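The values are calculated or read from the model by the stated rules, or taken from the named source; none is laboratory data. Just so we're clear, the structure is a prediction, and the values are computed from it rather than from any experiment. No Cβ is skipped: glycine too gets one built from the backbone with ideal geometry, and neighbour counts run over all protein chains shown.
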Amino acid sequence: MGKKDEDAGDSGHFYHIDKSTVLQEARAFNETPINARKCRVILTKIVFLLYQSETFHTNEATETFFWITKLFQAQDIPLRQMVYLLIKELSTVADNVFIGTSSLMRDMTGKSDVVYRANAIRALARITDTSTLATIERPLKQFIVDKQPNVSSGALVSSLHLFNANKEAVRRWANEVQEAVNNKGAITQYHALGLLYQIRQHDRMAVIKLVQNYSKGALKSPLAYCMLIRYACKIMEDEEAGSRSLYELLEGWLRHKHDMVVYEAARAICNLRDVSSTELFPAVTALQLMLVNHKTTLRFAAIRTLNKLALTHPAAVFPCNLDMENLITDPNRSVATFAITTLLKTGNEASVDRLMKQITGFMGEISDEFKVIVIEAIRSLCLKFPAKQSLMLNFLSNVLRDEGGYEYKRAIVEAIFDIVHHIPESKEFALSHLCEFIEDCEFNKLAVRILHLLGTEGPKTPKASKYIRYIYNRVILENATVRAAAVTALARFAVQLPELRERVKVLLTRCLDDNEDEVRDRAIMYLRIIENEDLCKRYVANESTFNWASLERNLVHYINDDSAHSQPFDISSTPMTTRDQEIAEKSRAVSAAAELSAPSLRRPSTAGTSTARSGQAASSGDAQAGYAAAIEKIPQLSQLGPLFKSSSPIALTESETEYVVTAVKHIFNQHVVFQFNCRNTLNDQVLEKLNIILKPLDEEDGDALVHETSIPISQLVYDVPGTVYVVYSRPGGACPTATFSSALHFFVKDCDPATGEVDEGEGYEDEYQIEDVELVVADYVLPTYVVDFKRLWEALGEAAEVVETYQLTNVATIKAAVVNLFQVLGMWPCDGSEVVPEKATTHALLMSGVYVGGAKVLSRCRMVIGGEGVTVEVAARSKDESVARTIVDAVGA
Amino acid sequence: MGLWSTFLTNLGFLRRKVCVLIIGLDNSGKTTLVANFLHPPPPSLPQKNFDSNNTDNASPAPSLPSTSQPASHPPIVPTVGFSLDRFNYQNLHITVFDMSGQGRYRPFWEHYYGDADGVVWVIDSSDAVRISVAREELWRTLAHGEIKHRTPAAPVLVFANKADLSGAMTAAECTAALGLDAIRDRNWNIVPSCAITGQGVAKGLDWLASELSAMS
C-alpha cells in the first residue's frame, strides 16, 4: 500500500495512462463540435507523457500535431493555451510543424485584448525555420516594442531563440530591442538586455558602452543588473592581465539595494583573474554581511563563494572567520558544511584540532554529497599541514568505518591514497588502516584499488610481511574479482622481496585450486614469472602501459581488416606510456575536469572556452586518434590503411595574417597525406575552390613521391575552419625527405560582412604564398617506449650498428643539442636519459622508436662539448640496416 | 448562439455549424476570397455579369489594388500552413479552413479533408498555363477516400477567380479545362468571381449555403 501511494503521489491521477491509449483518445480532436474540456484533459495527458520522457515517433507526433491544429476551431482560451504548449513541445519531434504558422500569426496579430498573444508568439518562434522567418519578421519587430510587457517579452525571448538560427535577420531588429530595454516591465528589460547583448557580443566596444550606459540606474530589474555584471566580467576577462576598466562599476553594484545584485557583484569580483587583496576587500565585506543575513539562501550563497575563494586567497577570507565559526551551528547543514570546510582552509595549524573535533560531531547529520566536500577539504588540509597527518588519518579511518555510499567511500580512499603518495612517513600507518578497511569492504572497485596499492607500496615498507596475511585473507574470503587482484598483489611481494619469495609461492600454489579461471590463470602466470628474473623485470617491475586510445584504435582496425587476420596483431606500433606519464596525464585530466565543472558554478558562458582549452591539452595520442577518425570519414582517404604517425601541427603563416594555415603530416603505409587546416580571417571575402599547390624545391627529392589527389575546400567562409588534404604516394614504401614550396590557390568572391551574402559573379583567381612544408626523417619515426634499453641494444648486436660522428656548430650546450636531436629524430627517450644535468660537458642520450614499415630502431647519441659547439657520436641499431643508416644520416643532414 | 437556435439545431431543423475547406493552387486568391467572406464590400459597387462573354474589354473592371481594402485589414500575404476563420452566412455558421496552395503545403490538405462539409476550389482563371495542374490537384482531391466516401457527398464550388482580368477564361472554358462535367457523385457549381471587388462571391456563397442547408 505504502509503495503504491508513493508512486501515485508522483504522478497524481495520471498514474495509469500510457501512450497508445492517449493517442487513441486524441481522436476526439477531430470531433465537431469540439468538446473543449475533454480536449484539454487529453492535451494535458500528452504533455504529461512528454515530460515523463516518453518518446514519440516522428509519425505519431506528426499525426497528433495535425489533429491538434484542428483545435484552432475552438475559441476556448485555456484550450488555446494548451494547444500552444503542445505545439512547442512537439515542434522538435514532429515533421511539417510549420503548418501552424498562419494560424498562430492570426492569433498574435489579433485584437490587443486577448490574453494569449504572448503565448502565440512564443509558440510561433518554435515552429519557424529559416525559410518562413521572413513571414513573421515584420510582426515580431512590431511586438518587441509593444506596450504590454508580456507581449514584448514573448517577442524578445522568441527572437533570442531565433537568433541561433538566423543571426542576420535578428540583427536587423536591434533598434526595436534597444527601445524595449526601456519598457516598463522589469522582466522585459531583462530579456531585451539579453538579446541586445547577443546581437552585439562580438563588438567589444559596443558591449562596454552597453554596460556603462545601463549601469547608471535606468533599469528596474535586478536580474538585468546581474546580467550586466556578467557582461562586465566577460569584458574584463578578455582584457590584458592587470587592467580593470570596469572594476569601479562592480564595486558600485556592491551597494545596490537588491541582495541578488550585491551577491552577483561580490562573486564577480571574487572570480576576477589575479584579483588583488585590495580589490577583494569590499566584496568580502559584502559577503560577510550576508553571512549573518536571516535568509538561508543568502547565507549559503555567500559561504559557498567564500569557500571557493579560500582555495586561492585564504588570507582575504580570514576576517570572516568569526562569523563562520557561528555558522558551524547553523540549522542548515549545507551552510554548516561549507562553513567548516572554509574554516579548514583559512585556519592555522593550531585551530585544526578543534575544528576536526567539531566535524566529527556532525558528520553523521549531513548527506553523502556534503561529506565528500568535507573529505576533499581534509585532504587538502592534510597536504598543507603534514604534521597533522596522524590526526587526519585517524579521522579518515574512523569515517571509513561509517556507513556511506560508494562516492563517499571513494573520496575517503582517494584522500588516503593522496596522503600515502605525498607524505612518506604516513605510509605504514595509512596502509594498515586500508588493510583493516578491506577486511569488510562492500565495494569491489575500492577493494581492488586498495589491493593494487598494497601490492605496489607494501613491499617498500620495512615490515612488508604483515600485509601478506591481509591480502591472503582476501583470497580466501572474497569474490573472484577481488581474489584475482589479491593474487597480483601477492606476486608483487614475491618479485620485490626475494626473502619472502618461497613463502608467497606456497600461497600462490594454493590459488591454483581456485574455481575461477582468472584467478588460476594469474596464479600460474606469476608462479612462472617469479622463477625467472628476466621475466620479472619485463612483466612485474615494468610499470609502463600502452597508450589506451591508440591501442584501441589499432585493435579496431585489425579486427575490421580481414586481410590482416593471417598475421598476429603487431603491438609494437602502439606507443607506450610510462607510469610517470600516466600520473601526469591523470592529474591533468583531473584539473581539466575541475576546470570544466567550475564554470557551472561560476558562469555558463565560459564553458565553451574551457572545453576548447582542455581539448587542446589532449595528448598527442588522442590527437592522432582524432585525425584518424577524421580521415576515415573521407572516402578518398579511407582506403589508405592504418595511420602510422601524425606530426604535430606546424604553423605555415603568422597567426595574424589574412589566411591562417597550419599543416599536419600523416604517414600511411604507402602514402603521405598533408593536411592543411585553413582559416579565413577576412569577413568580407569568401574563398572558393581553395586548393594548396605543393612544388618540391629539389626535383630529385620530389621524384620519390607521386602526387595522387588533392581534396580542395569548395567554399571557405569567414572564421569557419576548413581542411585541404594533399595525398602523395610513396611507391615501394620509400621514405624520402623533401621540402615543398606551398601556396594557396583560390577564387576570391566579395561578400557582405554583415549578412555573409556572397556577391554574384565569378570572383577572381588568386594565389597566396605560405611557408615551405618539410618532410623529414622524424615524420617516419613513431616514438615508442622500450622497457629495457640495454638488453635490447645488446641483443641487436654490433653487426646491426651504424655509427657516425658529427659536429653540431649551431648549438652551444648539451641541453640544446638534446632538444635538437629530438626534433630531428622524433624518437622516444629511454632510461631517463633526456634529463641533462646542469653544466654537463658530456652526456649519452638513449632513444627508441619504430620506423615506418615496422622496424624497431634504437639510437645512442654520445655528446661532448668541445671546439665549436657540440660533438655528437650517433649510433643506431636496427634489424634493417638501411633504417639505421637513415637515422644516422638524418643528424648529419 | 441563442437558446432557440440551439434548440433548433438539436432537433435537426437547422444545420448551424459547417466546415468548408478552401483549396486551390497558390496565388489563386483563396485568402483574399476569405477576407471578402468576412468583410463583404458594400453592395453599391457595380456588379458585372461574368456569365456573358468577357472577350470585349471595352470597360474592364479595374483590378483594385490592396489599398482599397478596409484599413483595419492586414495586407494579404502568402498563407503558411493554413488559417482558420469563422463567419455567419444566412442561417449557417461557417468555419473556413483556408489552406495554403504552395506546392510544399499541398500534401497537408488531406489532413483536413475529414472535416470538410463542403469544398471551395479556387482557380486563377487568367492562368491558362497552370489550369492543367489545377485539374490534376482537383481530381486528386475528389478521389481521396475521405472526400469520396463521405455521406452525404460534400458539394464542390469552383470559383473561377480573377475573372475581371483581360484574357481570363470564361466559366465554360474553365469547366471544360477542369473536366467538371465528369463529376457525377456530387453537386458542383462554377462561379466566375473577383475576390478583390467581391463580384460573383455572393452568388457562389448563396449556392453553397443552399447546398449545405439541404444536407441534413
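Scanning segment A:842-893 for residues that are assigned to a helix (DSSP H, G or I), under 24 Å from A:Thr809 (Cβ atoms) and more than 41 Å from the chain's Cα centre (by Cα) yields A:Arg885, A:Asp889, A:Gly892. Name the single residue that is nearest to A:Asp76 (Cα to Cα) among those in segment A:110-128 being within 13 Å of chain B (Cβ to nearest Cβ) and modelled with pLDDT of 80 or more. Looking at residues that are within 13 Å of chain B (Cβ to nearest Cβ) and modelled with pLDDT of 80 or more, I get A:Ala120. Please enumerate the residues belonging to segment B:107-138 that are within 24 Å of A:Lys70 (Cα to Cα) and more than 14 Å from chain A (Cβ to nearest Cβ). Across segment B:107-138, the qualifying residues are B:Val119, B:Val120, B:Trp121, B:Val122, B:Glu137, B:Leu138. The number of residues in segment A:31-83 being part of a helix (DSSP H, G or I), surrounded by fewer than 14 Cβ atoms within 10 Å (Cβ to Cβ) and within 14 Å of chain B (Cβ to nearest Cβ) comes to 1. So which of A:Val706, A:Val720 is under 22 Å from A:Ala651 (Cα atoms) and either touching a Cys at 6+ places or on another chain (Cβ under 8 Å) or among the hydrophobic types (A, V, I, L, M, F, W, C) (or both)? The conditions single out A:Val720.
Of the residues making up segment B:80-106, those that are aromatic (Phe, Trp, Tyr), facing chain A (nearest Cβ under 10 Å) and in a strand (DSSP E or B) are B:Phe82, B:Phe97.
Among the numbered conditions (1) farther than 18 Å from A:Lys790 by Cβ; (2) surrounded by 14 or more Cβ atoms within 10 Å (Cβ to Cβ); (3) out of contact with any strand residue (DSSP E or B) (no Cβ under 6 Å at 6 or more places or on another chain), tell me where A:Glu834 comes up short. So the condition that A:Glu834 fails would be (1).
Residues are listed down the side, and each one gets a yes or a no for (1) farther than 20 Å from B:Gly198 by Cα; (2) in a strand (DSSP E or B); (3) in contact (Cβ under 8 Å) with a residue 24 or more places away in the chain; (4) within 17 Å of the chain's Cα centre (by Cα):
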| position | (1), (2), (3), (4) |
| --- | --- |
| B:Trp121 | no, yes, yes, yes |
| B:Val133 | yes, no, yes, no |
| B:Glu137 | yes, no, yes, yes |
| B:Val158 | no, yes, yes, yes |
| B:Leu165 | no, no, yes, no |
| B:Ala168 | no, no, yes, no |
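Picking from A:Thr461, A:Thr488, A:Thr481, which residue would you name as being under 23 Å from A:Leu535 (Cβ atoms) and without any contact (Cβ under 8 Å) to a residue 40 or more places away in the chain?
Numbers: A:Thr461 fails: under 23 Å from A:Leu535 (Cβ atoms); A:Thr481 fails: under 23 Å from A:Leu535 (Cβ atoms).
Only one candidate qualifies: A:Thr488.
Any residue that is surrounded by fewer than 22 Cβ atoms within 10 Å (Cβ to Cβ) and either touching a residue at least 40 places away in the same chain (Cβ under 8 Å) or within 24 Å of A:Ala387 (Cβ to Cβ) (or both) - is there at least one of those in segment A:248-261? Looking through segment A:248-261, none of the residues is surrounded by fewer than 22 Cβ atoms within 10 Å (Cβ to Cβ) and either touching a residue at least 40 places away in the same chain (Cβ under 8 Å) or within 24 Å of A:Ala387 (Cβ to Cβ) (or both). Residue count for segment A:71-85 under the criterion of being under 19 Å from B:Phe82 (Cα atoms) and of a type in the set (D, E, K, R): the result is 1. Residue pairs whose Cβ atoms lie under 7 Å apart, separated by 6 or more positions or on different chains, with the first residue in segment A:140-161 and farther than 13 Å from A:Gln189 by Cα and the second in a loop (DSSP other than H, G, I, E, B), are A:Lys141/A:Trp173; A:Ser159/A:Trp173. Taking every residue in segment A:860-885 that is closer than 16 Å to A:Tyr806 by Cα and pairing it with any residue that is among the polar types (S, T, N, Q) and not in a strand (DSSP E or B), at least 6 positions away or on another chain, the pairs with Cβ-Cβ distances below 6 Å are A:Ile865/A:Thr841; A:Glu868/A:Thr809; A:Gly869/A:Thr809. The listed residues are A:Leu682, A:Leu687, and the only one of them that is assigned by TED's automatic domain parsing to the domain that holds A:Pro736, aliphatic (A, V, I, L, M) and at pLDDT below 80 turns out to be A:Leu682.
Among the residues of segment A:476-497, the ones that are of a type in the set (Ser, Thr, Tyr) and under 20 Å from A:Ser465 (Cα atoms) come to 1 in all.
Going residue by residue through segment A:182-204, is there one that turns out to be part of a helix (DSSP H, G or I) and in contact with an Asp or Glu (Cβ under 8 Å, 6 or more places away or on another chain)? Taking every residue of segment A:182-204 in turn, at least one turns out to be part of a helix (DSSP H, G or I) and in contact with an Asp or Glu (Cβ under 8 Å, 6 or more places away or on another chain).
Restricting segment A:723-745 to residues that are among the hydrophobic types (A, V, I, L, M, F, W, C) and within 16 Å of A:Thr653 (Cα to Cα) leaves a set whose member that is surrounded by the fewest Cβ atoms within 10 Å (Cβ to Cβ) is A:Ala743. Specify the residue that is farthest from the other protein chains (Cβ to nearest Cβ); the eligible residues are those in segment A:89-106 that are part of a helix (DSSP H, G or I) and more than 22 Å from B:Pro78 (Cα to Cα). Going through the qualifying residues, I end up with A:Glu89.
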